[in-house]
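Peer 1: One structure, as structure tokens, below. Some questions next.
The values are calculated or read from the model by the stated rules, or taken from the named source; none is laboratory data. In this text, all values refer to a predicted model and were calculated from it rather than measured experimentally. No Cβ is skipped: glycine too gets one built from the backbone with ideal geometry, and neighbour counts run over all protein chains shown. Heavy atoms of the whole protein, side chains included, go into the accessibility calculation; ligands, DNA and RNA do not. Shrake-Rupley method; radii C 1.70, N 1.55, O 1.52, S 1.80 Å.
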Amino acid sequence: MAAEIQPKPQTRTPVLLNKIEASQDVVNTAVIIPKEDGVISVSDDRTIRIWLKRDSGQYWPSIYHTMSGEYSSLISYSCIDILPVFQEFILSEDYNKMTPERTYEAHQGKVTVVLFVLEMEWVLSTGQDKNLTWHCSESGTQLGLYRTIAWVSGLQFDVETRHAFVGDHSGQVTILKLEQDSCSLVTTFKGHTGNVTALCWDPAQRVLFSGSSDHSIIMWDIGGRKGTAIELQGHNDKVQGLCYAPHTRQLISCSSDGGIVIWNMDVTRQETPEWLDSDSCQKCEQPFFWNFKQMWDSKKIGLRQHHCRKCGQAVCGKCSAKRSTIPLMGFEFEVRVCDSCHESITEEDRAPTATFHDSKHSIVYMHYEPTTGWLLTSGADKVVKHEMYLGCEYQLDM
């Protein structure tokens with residue numbers, strides 16, 4: 001019988017492969033050129049640069065192109081301007097020439113996200129004018145427009161269903177059904193207390209990940225149609241980027257303080273409980289400080305209310321003095337739990353489901369190339385770091 005090679009997540013120390021340090025200003029975006037030892041970067045110094053790896057092992061600029069305005073991001077070979085337009089360029093096969101192809105005058109405010117959908121021949125874009133637009137990439141014609149409640153900072157698209165996932169600064173995620181010249185609202189949901197800063201869609205598992213300035217990540221089970229939302233708490237600062245590695249079933253997240261977390265998503269995770277309301281501690285029945293009647297009747301001073309992160313019960317500080325990690329609920333850091341829940345948590349329950357790494361620079365943008373396991377981080381320190389964070393070790397399944 002033929003042996004089938006199965007990839008298995010590899011947990012090892014990240015390896016820094018290269019650093020690119022020639023930019024004069026903040027590098028807003030850097031992406032890996034597929035099937036090439038190359039990188040495209042966009043910087044606040046108004047330059048687009050194509051970096052190719054030379055025989056020395058170092059990256060040197062093959063193209064150094066200065067733009068008339070500042071550019072904040074790029075997708076494929078399109079660039080986003082801080083003006084209400086974005087431009088499309090064609091790169092020559094040897095990556096030594098970049099030719100302007102088309103300018104899209106799509107918005108009345110700063111363009112925030114551009115997404116190229118090859119299968120549909122669409123270019124989706126959002127701006128601070130709170131508009132989502134989609135254009136035909138062949139003709140440049142605008143096909144449709146949708147007005148959002150706040151300016152959009154995250155955008156993903158599912159080709160199979162033609163659903164666009166839109167994350168905005170109010171913390172809301174909106175699902176839209178896009179047609180050739182129209183769109184319809186499917187649903188909205190909100191779980192973050194801060195603005196949505198990043199979205200990542202896994203079409204195989206039909207799961208959407210959202211990151212936020214509230215330091216949290218939420219996994220929304222879109223395909224399950226049950227409204228399941230799993231929280232992931234592993235960052236100490238604003239989540240800046242999300243990428244999913246389908247071959248190892250790992251989520252990669254980064255935050256503005258330089259932290260990179262690799263989450264094992266091949267485990268059965270649990271939803272965090274709803275926080276219960278009560279006028280007194282649900283363990284010792286001591287009144288909370290707003291419960292004047294019970295305070296008067298019992299002649300006791302009211303206590304501050306807390307909540308156990310495992311069961312959701314309203315408890316006082318004395319009944320929730322202990323802390324514990326609960327990785328399967330997404331709590332990789334120690335959180336408040338009540339005494340009874342603390343006793344029920346085993347060492348196996350505390351086994352981490354994520355690994356933590358320090359990129360040692362303030363991350364602005366992250367790009368992952370799944371075919372190589374290469375990860376690029378661009379930072380406010382004007383540096384692009386090229387790292388091998390994910391690889392696969394292989395085992396034989398006979």
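Peer 1: The stretch 101-177 to the stretch 270-330: how many Å between their Cα centroids?
Peer 2: Centre-to-centre (Cα) distance: 44 Å.
Peer 1: Say each of Leu118 and Ile301 gets a label point 7 Å from the Cα, pointing the same way as Cα to Cβ; how far apart are those two points in nm?
Peer 2: Reported label-point gap for Leu118 and Ile301 is 6.7 nm.
Peer 1: Calculated from DSSP H runs of 4 or more alone, at -39500 (n - 2.57) each and per residue, what is the 222 nm mean residue ellipticity of the chain, nearest 500? Present the calculation step by step, with values, prior to reporting the outcome.
Peer 2: Numbers: 2 runs with 13 residues, N = 398.
Calculated from helices alone, the mean residue ellipticity at 222 nm is -1000 deg cm²/dmol.
Peer 1: Give the lysines whose C-alpha is closer than 27 Å to that of Lys130, dropping any in the same chain fewer than 8 places away, or say none.
Peer 2: Lys110, Lys177, Lys190, Lys238
Peer 1: What shape does the stretch 292-349 have by the C-alpha gyration tensor, where a ≥ b ≥ c are the square roots of the eigenvalues, rounded means a/c under 1.5, and otherwise prolate means a/b greater than b/c and oblate the rest?
Peer 2: Working: a/c = 3.52, a/b = 2.94, b/c = 1.20.
Prolate, since a/c reaches 1.5 and a/b exceeds b/c.
Peer 1: Sorting Arg49, Arg206 by accessible area (1.4 Å probe), largest first, what list results? Don't jump to the answer; show the numbers that get you there.
Peer 2: On the way: Arg49 10, Arg206 55 Å².
Accessible-area ranking of Arg49, Arg206, largest first: Arg206, Arg49.
Peer 1: Something else: For the chain, which semi-axes, largest first and in whole Å, follow from the square roots of 5 times the eigenvalues of its Cα gyration tensor?
Peer 2: Numbers: eigenvalues 350, 136, 84 Å².
They are 42, 26, 20 Å, listed from largest to smallest.
Peer 1: How much length is gained on full extension from Val267 to His65, taking 0.36 nm per residue of separation minus their Cα-Cα distance?
Peer 2: On the way: separation 202, 0.36 × 202 = 72.72 nm, distance 4.56 nm.
Taking Val267 through His65 to full extension adds about 68.2 nm, to one decimal.
Peer 1: Taking springs between alpha-carbon atoms closer than 10 angstrom, which of Trp151, Trp263, Trp60 fluctuates most in the Gaussian network model of the chain?
Peer 2: Taking springs between Cα atoms under 10 Å, the residue moving most is Trp60.
Peer 1: Hey, can you rank 345-352, 267-274, 119-126, 187-194 by average C-beta count inside 10 Å, highest first?
Peer 2: Details: 345-352: 10.9, 267-274: 13.1, 119-126: 20.4, 187-194: 15.0.
In decreasing order of mean packing, 345-352, 267-274, 119-126, 187-194 become 119-126, 187-194, 267-274, 345-352.
Peer 1: With all protein chains present, how much of the accessible area of the stretch 292-349 (probe radius 1.4 Å) comes from carbon and sulfur, to the nearest whole percent? Present the calculation step by step, with values, prior to reporting the outcome.
Peer 2: Values: 1850 of 3380 Å².
It is 55 percent, rounded to a whole number.
Peer 1: Which value, in Å², gives the accessible area per residue of the stretch 292-349 when a 1.4 Å probe is used on the protein heavy atoms? Could the numbers behind the result be given before it?
Peer 2: Working: 3380 Å² over 58 residues.
On a per-residue basis, the stretch 292-349 sits at 58 Å².
Peer 1: While we're looking at this one, here's another question. Can you give the local net charge around Lys322? Use residues other than it whose beta-carbon is closer than 12 angstrom to its beta-carbon, Lys and Arg +1, Asp and Glu -1. Could the numbers behind the result be given before it?
Peer 2: Details: positive: Arg309, Lys310, Lys318, Arg323, Arg336; negative: Glu334, Asp339, Glu343.
Net local charge, Lys322 excluded: +2.
Peer 1: Next question, about the same structure. At 7 Å along Cα-to-Cβ for each site, give me the label-to-label distance between Asp277 and Phe292 in nm.
Peer 2: Those two pseudo-labels are separated by 1.9 nm.
Peer 1: Where the accessible area of the stretch 167-239 is counted over protein heavy atoms with a 1.4 Å probe, how much of it, in %, is carbon and sulfur?
Peer 2: On the way: 1320 of 3040 Å².
Of all accessible area on the stretch 167-239, carbon and sulfur atoms account for 43 percent.
Peer 1: Here's another thing I want to ask about it. Net charge near Asp168, counting Lys/Arg +1 and Asp/Glu -1 over other residues with Cβ under 12 Å of its Cβ? Please list the in-between numbers first.
Peer 2: Working: positive: Lys130, Arg147, Lys190; negative: none.
Neighbour charge sum, excluding Asp168 itself: +3.
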